[in-house]
Amino acid sequence: MHDVSDPEGDPPMFSGQKNELRYVSMLNRVLPPTIRILAWSPIDPSFSSRFNTKYRHYKYFFSPEGLNIDAMRDAAARLVGEHDFRNLCKIDPSKQITNFRRKILHADISPASVFADESEPDSRVDAHPHVYVFDLAGTVFLYNQVCHIMAMHLLIGAGLEPPIVMSALLNVDPTHPALPFRADEPAPDLVTQKPEYQMADALPLVLWECAYGDDDVVWQTDDQETAEDSEAAASSENSLYRQMHAIHTRSLIHSVLDAHFLRAASVFHPPMPESLPSGCG
């Protein structure tokens with residue numbers, strides 16, 4: 001990818017040559033079906049996938065059954081900004097971290113849509129979705145921070161804690177106490193020591209996006225080589241979209257089967273009310 005004809009000059013990040021290897025196809029052939037490469041990018045030798053990240057976007061999927069979504073959204077709004085998250089993470093003594101301040105750029109809870117275009121009424125599988133997603137974006141995260149934050153959201157959604165408890169857990173410095181989040185509520189309590197609670201299950205957690213600057217990455221796909229290659233790839237049984245669509249279809253069938261089995265079981269074994277929402281550890 002680098003031009004070696006001028007050893008003293010800076011190599012270009014991407015040469016644009018048309019005979020580039022088909023990295024997407026090559027890697028996907030040797031990876032498990034549930035792990036797919038969508039695109040690749042040439043990078044500068046000094047590039048770091050960790051330290052060049054502008055922000056990280058996590059998604060946590062959960063069932064809204066028995067949960068107060070409005071209360072959870074209230075709690076999520078309190079996360080935005082720069083706060084001390086020592087009460088909402090797992091502290092690893094071996095890392096000797098002294099700064100627990102992290103910046104949250106976005107935090108919200110919404111229905112999980114199968115398709116990206118939510119403006120179309122038919123784009124969702126169900127008009128009353130049985131799955132919601134907690135979207136959390138920030139510059140840097142602490143160890144297990146997202147699962148700890150989600151655990152508190154589930155407790156708040158279940159009515160076991162009020163939304164203001166999120167503000168209290170972020171209020172750790174007695175020399176700089178936090179102000180009320182809203183004018184109609186009191187100042188949050190000071191919590192200088194992490195309370196005991198179980199973090200949420202990590203299974204529904206997805207690192208959805210690591211954002212990089214336009215100068216750091218230029219995403220490439222196999223289909224960008226030639227028009228003939230693109231047409232051949234689109235008609236191939238091994239095309240990436242068809243592979244992922246097949247996985248999605250199988251998952252939907254399994255979900256429908258499980259729903260029918262659950263309905264059959266409920267005839268003889270009526271469901272019992274849960275004390276805590278599923279997904280809380």
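In the range 76-106, which residues are within 14 Å of ALA151 (Cα to Cα) and surrounded by fewer than 16 Cβ atoms within 10 Å (Cβ to Cβ)?
Of everything in the range 76-106, just one residue is within 14 Å of ALA151 (Cα to Cα) and surrounded by fewer than 16 Cβ atoms within 10 Å (Cβ to Cβ), namely LYS90.
Please state which of the following conditions VAL172 fails to meet, knowing it meets all the rest: (1) more than 21 Å from ASP108 (Cα to Cα); (2) free of Cβ contacts under 8 Å to residues at least 60 places away in the same chain; (3) of a type outside the set (D, E, K, R).
Looking at each condition in turn, VAL172 falls short on (2).
Which pairs turn up if I take residues in the range 176-199 that are over 18 Å from ILE149 (Cα atoms) and look for partners that are part of a loop (DSSP other than H, G, I, E, B) and small (Gly, Ala, Ser) with beta carbon separation below 6 Å, at least 6 apart in sequence or on another chain?
Sorted first by the residue in the range 176-199, then by its partner, the pairs are PRO180/ALA187.
Looking only at the range 42-49, decide whether some residue is touching an Asp or Glu at 6+ places or on another chain (Cβ under 8 Å) and not aliphatic (A, V, I, L, M). I'd like the intermediate steps shown before the answer.
First pass over the range 42-49, keeping only residues touching an Asp or Glu at 6+ places or on another chain (Cβ under 8 Å): 43-44, 47.
Remaining after also requiring not aliphatic (A, V, I, L, M): 44, 47.
Among the residues of the range 42-49, at least one is touching an Asp or Glu at 6+ places or on another chain (Cβ under 8 Å) and not aliphatic (A, V, I, L, M), which makes the answer yes.
Considering only the range 173-180, I want to know if a residue exists there that is touching a Leu at 6+ places or on another chain (Cβ under 9 Å), modelled with pLDDT of 95 or more and either of a type in the set (S, T, N, Q) or closer than 26 Å to PHE61 by Cβ (or both).
no
So SER239 passes all but one of these: (1) under 22 Å from LEU67 (Cβ atoms); (2) modelled with pLDDT under 95. Which condition number does it fail?
SER239 satisfies all of (1) under 22 Å from LEU67 (Cβ atoms); (2) modelled with pLDDT under 95 except (1).
Would you confirm whether any residue within the range 133-148 is buried (at least 23 other Cβ atoms within 10 Å of the Cβ) and under 15 Å from VAL191 (Cβ atoms)?
Scanning the range 133-148 turns up no residue that is buried (at least 23 other Cβ atoms within 10 Å of the Cβ) and under 15 Å from VAL191 (Cβ atoms).
For the subset of the range 38-75 comprising residues that are within 18 Å of the chain's Cα centre (by Cα) and without any contact (Cβ under 8 Å) to a residue 40 or more places away in the chain, which member is surrounded by the most Cβ atoms within 10 Å (Cβ to Cβ)?
ARG73
The values are calculated or read from the model by the stated rules, or taken from the named source; none is laboratory data. Predicted model only: the values in this text are computed from it and were never measured. Note that each Cβ is placed from the backbone with ideal geometry, even for glycine, and that neighbours are counted across all protein chains shown.
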